[in-house]
Amino acid sequence: MSEPTRIPAPEGVFPAAQYSHVVAATGRLVAVSGQLPLDEDGRIVGEGDPAAQARQVFENLRRCLAAVGAGFDDVVKLTYFVTDMAHMPAVRAARAAHLPDDRLPASSAVQVAALVRPEFLMEVEALAVVAP
């Protein structure tokens, strides 16, 4: 894959501080389903703790990407589903451990009434583009 083109502020669009408005890349599309704060044995990590849950979610994303030879540098879009927007600083901190500020993907964040189980505070899905 060629290096993704990131455009944090297209002309006439208010600049984004926490994501790129546009990311373009050429290659094989990889879709990673929404990841939850579960360990490899299916146990919840960090019940009631958004920071611990976010770290586990990003570790799960890392493992899913690695399964197809991809990494966070290949991610072009992240979608966050949180039960409370107050959890977003924890999500951003976990993301920062994997993605530097100059390589931010396009992003969407949605507050939802609930996830599949009440103890889940967040779910994150990813789109990546890797070399064919």
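Read-outs throughout are calculated quantities, based only on the coordinates presented, and are distinct from any laboratory measurement. Everything numeric here is computed off the predicted structure, so don't read it as measured data. Note: ideal-geometry Cβ built from the backbone for every residue, glycine included; neighbour counts use all protein chains shown.
Maximal additional length on extending the residue 108-residue 51 stretch stands at 18.6 nm, based on 0.36 nm per residue less the C-alpha distance. Return, ordered by residue number, the residues of region 35-77 whose backbone nitrogen is under 17 Å from a label point located 7 Å along Cα→Cβ of residue 3. Answer for this model: 72-76.
Would you mind finding the longest exposed-site-free stretch of the chain, with exposed GluC sites (Glu not before Pro) meaning DSSP loop and at most 14 other Cβ atoms within 10 Å?
Here the longest run is 48-118.
The separation of region 109-124 from region 52-108, counted between C-alpha centres, amounts to 15 Å.
When the helix-only estimate is applied to the chain (DSSP H runs of n ≥ 4, each -39,500 (n - 2.57), divided by the residue count), what is the mean residue ellipticity at 222 nm, nearest 500 deg cm²/dmol?
Values: 2 runs with 26 residues, N = 132.
Mean residue ellipticity at 222 nm (helix-derived): -6000 deg cm²/dmol.
Kindly state, to the nearest 0.05, the FRET efficiency for residue 86 paired with residue 13, given R0 = 22 Å and r defined as their beta-carbon distance. Calculated value: 0.25.
Select from 45, 68, 22 the residue whose mean-square fluctuation is largest in a Gaussian network model of the chain (Cα-Cα springs shorter than 10 Å). Residue with maximal mean-square fluctuation among 45, 68, 22: 68. Sum up the charges of everything whose Cβ sits under 15 Å from the Cβ of residue 48, counting Lys and Arg as +1 and Asp and Glu as -1, but leave residue 48 out. Local net charge: -1.
For residue 43 and residue 22, a Förster radius of 41 Å and the Cβ-Cβ distance give a FRET efficiency of 0.60, rounded to the nearest 0.05.
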